[in-house]
Amino acid sequence: MIKYAGFLFVSLFLMMSCKSTEEFTGFSYDPPNVTNTTDKEITIQPKRIIGAGDPKVWISNEFEGARVNDFYAVNDSLFEVFIEPENAPINNSPWYAFKIWSDTVRMAEIRMNYMDARHRYVPKLLSWVEPDSSWQQQMELPVEYDSAAATATFEILLAPDPVIISAQPLHTSSLLTNELKQRDVLEKSFTEIRKAGRSKLGRTIWELEITETSPEQKAPVLAIVGRQHPPEVTGYLASLYFLEELASDSELAARFRQTFVIKAFPLLNPDGADMGHWRHNAGGIDLNRDWENFNQPETRAVRDALLPLKENESRELFYGIDFHSTNENIFYPIDEEVKTAPDNITQKWTEMVQASNPDVTFSIEEFDTSSPIAKNWFYHKFGIDAVTYEVDDGIDRETLEKVSRSAARSLMELLLQEWQKTAVEN
Ligand SMILES: [Zn+2]
């Protein structure tokens with residue numbers, strides 16, 4: 001969830017004056033008309049290689065996840081990269097990723113210009129690592145931010161071998177199954193991977209089912225969705241650490257799988273991730289405002305995979321998590337006053353997460369259930385508690401891993417206790 005300053009005051013006023021029975025029109029950071037989720041036009045970036053200056057510096061967006069719209073030499077040492085969104089208005093999450101190289105070894109200054117948006121993501125330098133055959137982050141590049149022009153400039157050493165500069169590490173849709181294999185999630189007897197549906201442009205929406213219960217056994221279901229917003233890579237990585245913990249060989253994970261069913265949809269917006277979108281899917285829509293109308297195929301895929309659980313007597317949806325990223329670590333629980341069954345899981349869980357990570361700052365902000373987002377669909381359709389789990393954009397990898405793994409473990413403990421309570425009560 002991302003701040004959109006231009007509408008902050010108007011929308012804050014609207015939110016404060018709104019009762020939950022009135023129609024939801026958008027969060028404070030949303031552009032107008034966000035809840036109309038019928039297709040909007042998007043602009044496809046031309047895929048090309050552009051050379052500028054003499055000797056030439058080259059830039060390319062001919063790869064998955066790339067975004068660069070134009071490139072010029074301002075003078076001998078300064079080059080400007082233009083970045084545009086898939087459509088507008090849109091939240092301020094200017095994603096970029098491009099290959100860059102030079103005919104000669106040289107230093108260059110690169111100025112990022114986002115048109116109507118402001119710089120947000122610290123540039124990451126990625127280089128090709130052969131043993132893994134993938135682009136991996138080497139370092140972050142410090143920027144000089146010009147607040148008047150809203151541009152950011154950094155220095156880089158260029159050579160004939162290309163490097164990638166990107167807003168966050170590249171985790172595009174074709175990498176997902178490999179990443180799950182590397183994390184030892186996929187090739188387990190208790191993990192099934194299936195196609196839940198297709199994106200607007202036909203990419204697969206993968207569903208993972210992880211369980212050691214039998215089909216006849218009465219079992220609660222933990223639902224996980226994520227990456228509705230393409231640049232929110234830290235939240236995506238958190239979800240992958242969760243899956244790794246849930247599929248691990250630990251005694252706790254085994255006990256959890258013998259009791260619970262996990263249904264996970266970790267990459268809901270593959271078109272957006274591969275096309276270098278700032279926020280929307282290929283229909284030009286914020287998927288996390290489409291959980292009432294289901295106008296988009298990506299949200300429909302999850303709905304159609306989970307709704308049959310209502311008719312399945314041996315399965316009971318129990319808790320839902322929707323992974324995102326923003327400029328801090330923040331949990332958005334359902335308001336404590338709203339009665340869910342089980343109740344206030346998120347409030348109990350966030351206390352455990354904070355206790356196991358005393359040196360990490362977490363915020364908690366409760367919301368009513370009026371907005372058409374994934375978390376509220378879980379509540380309205382199934383009566384359950386659910387959370388929007390937001391990871392800091394700038395979190396370091398070590399902290400991300402530590403928090404995600406410990407949060408997954410405390411959730412397993414808590415859900416096992418809560419399920420046992422439910423079983424005793426019935
Ligand atoms: Zn988000």
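The values are calculated or read from the model by the stated rules, or taken from the named source; none is laboratory data. Source: prediction; values computed, not measured. As a convention, Cβ positions derive from the backbone with ideal geometry for all residues, glycine included, and neighbour counts pool all protein chains shown.
Within the stretch 206-218, can one find any residue that is farther than 22 Å from ASN312 by Cβ and touching a strand residue (DSSP E or B) at 6+ places or on another chain (Cβ under 7 Å)?
There is no residue in the stretch 206-218 that is farther than 22 Å from ASN312 by Cβ and touching a strand residue (DSSP E or B) at 6+ places or on another chain (Cβ under 7 Å).
Quick one: is PHE362 of a type in the set (Phe, Trp, Tyr) and closer than 25 Å to GLU298 by Cβ?
Numbers: of a type in the set (Phe, Trp, Tyr): yes; closer than 25 Å to GLU298 by Cβ: no.
So PHE362 fails the test.
Matching residues to (1) away from the ligand (no atom under 16 Å from the Cβ); (2) without any contact (Cβ under 8 Å) to a residue 40 or more places away in the chain; (3) in a loop (DSSP other than H, G, I, E, B):
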position	(1), (2), (3)
PRO358	yes, yes, yes
SER370	yes, no, yes
LYS375	no, no, no
LYS381	yes, no, no
VAL387	no, no, no
MET412	yes, no, no
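Looking at the structure I just gave you, is GLU365 within 16 Å of the ligand (Cβ to nearest atom) and either of a type in the set (D, E, K, R) or within 22 Å of GLU244 (Cβ to Cβ) (or both)?
Yes, satisfied.
Kindly indicate which of ARG111, ARG120 is at pLDDT 95 or above, of a type in the set (Lys, Arg), part of a loop (DSSP other than H, G, I, E, B) and surrounded by 18 or more Cβ atoms within 10 Å (Cβ to Cβ).
Numbers: ARG111 fails: part of a loop (DSSP other than H, G, I, E, B).
So the residue among ARG111, ARG120 that is at pLDDT 95 or above, of a type in the set (Lys, Arg), part of a loop (DSSP other than H, G, I, E, B) and surrounded by 18 or more Cβ atoms within 10 Å (Cβ to Cβ) is ARG120.
Here is a yes/no grid of residues against (1) among the acidic types (Asp, Glu); (2) over 20 Å from PRO220 (Cα atoms); (3) in the same structural domain as LEU287 (by TED's automatic domain parsing):
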| residue | (1), (2), (3) |
| --- | --- |
| PHE331 | no, yes, yes |
| VAL338 | no, yes, yes |
| GLU351 | yes, yes, yes |
| SER356 | no, yes, yes |
| LYS381 | no, no, yes |
| SER406 | no, yes, yes |
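Being surrounded by fewer than 18 Cβ atoms within 10 Å (Cβ to Cβ) and in a loop (DSSP other than H, G, I, E, B) is the filter here; which residues of the stretch 123-149 pass it?
GLU130, PRO131, ASP132, SER133, LEU141, PRO142, SER147, ALA148, ALA149
Within 15 Å of the ligand (Cβ to nearest atom), farther than 24 Å from LYS47 by Cβ and modelled with pLDDT of 95 or more: which single residue out of PRO266, PRO308 fits that description?
Going through PRO266, PRO308 in turn, the sole match is PRO266.
The rows are residues; the columns are (1) touching a Gly at 6+ places or on another chain (Cβ under 6 Å); (2) among the basic types (Lys, Arg); (3) over 29 Å from ALA264 (Cα atoms).
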site	(1), (2), (3)
PRO142	no, no, yes
ALA152	no, no, yes
PRO162	no, no, yes
THR172	yes, no, no
ILE193	no, no, no
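Tell me, yes or no, whether the stretch 338-350 has at least one residue that is part of a loop (DSSP other than H, G, I, E, B), touching a residue at least 40 places away in the same chain (Cβ under 8 Å), surrounded by fewer than 20 Cβ atoms within 10 Å (Cβ to Cβ) and among the charged types (D, E, K, R).
yes
Would you check if ILE334 is surrounded by fewer than 22 Cβ atoms within 10 Å (Cβ to Cβ), within 22 Å of SER239 (Cα to Cα), modelled with pLDDT of 95 or more and of a type in the set (A, V, I, L, M, F, W, C)?
Judged against the criteria, ILE334 is not a match.
Run down VAL302, VAL261 and say which single residue is touching a strand residue (DSSP E or B) at 6+ places or on another chain (Cβ under 6 Å), within 16 Å of the ligand (Cβ to nearest atom), at pLDDT 95 or above and under 30 Å from ARG409 (Cβ atoms). Spell out how you get there, then give the answer.
Details: VAL261 fails: within 16 Å of the ligand (Cβ to nearest atom).
The match here is VAL302.
How many of the residues making up the stretch 185-217 are within 21 Å of the chain's Cα centre (by Cα) and in a loop (DSSP other than H, G, I, E, B)?
Counting residues in the stretch 185-217 that are within 21 Å of the chain's Cα centre (by Cα) and in a loop (DSSP other than H, G, I, E, B) gives 7.
If GLU401 meets every condition in (1) touching a strand residue (DSSP E or B) at 6+ places or on another chain (Cβ under 8 Å); (2) assigned to a helix (DSSP H, G or I); (3) surrounded by fewer than 17 Cβ atoms within 10 Å (Cβ to Cβ) apart from one, which number is that one?
It fails just one condition, (1).
One line per residue, one yes/no per condition, for (1) surrounded by fewer than 16 Cβ atoms within 10 Å (Cβ to Cβ); (2) touching a Leu at 6+ places or on another chain (Cβ under 6 Å); (3) outside the structural domain of GLU298 (by TED's automatic domain parsing); (4) assigned to a loop (DSSP other than H, G, I, E, B):
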position: THR37; (1), (2), (3), (4): no, no, yes, yes
position: LYS40; (1), (2), (3), (4): yes, no, yes, yes
position: TYR72; (1), (2), (3), (4): yes, no, yes, no
position: GLU86; (1), (2), (3), (4): no, no, yes, yes
position: THR104; (1), (2), (3), (4): yes, no, yes, yes
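Looking for something in a strand (DSSP E or B) and either aliphatic (A, V, I, L, M) or within 16 Å of the ligand (Cβ to nearest atom) (or both) - is there at least one such residue anywhere in the stretch 234-246?
Checked the stretch 234-246: no residue is in a strand (DSSP E or B) and either aliphatic (A, V, I, L, M) or within 16 Å of the ligand (Cβ to nearest atom) (or both).
Name the residue that is farthest from ARG405 (Cα to Cα), counting only residues in the stretch 235-262 that are among the hydroxyl-bearing types (Ser, Thr, Tyr) and buried (at least 24 other Cβ atoms within 10 Å of the Cβ).
TYR236
Quick one: in the stretch 180-221, of everything that is touching a helix residue (DSSP H, G or I) at 6+ places or on another chain (Cβ under 8 Å) and without any contact (Cβ under 8 Å) to a residue 40 or more places away in the chain, which residue is surrounded by the fewest Cβ atoms within 10 Å (Cβ to Cβ)?
GLU187
Among the residues of the stretch 9-35, count how many are surrounded by 14 or more Cβ atoms within 10 Å (Cβ to Cβ) and either modelled with pLDDT under 50 or within 16 Å of the ligand (Cβ to nearest atom) (or both).
Number of matching residues: 12.
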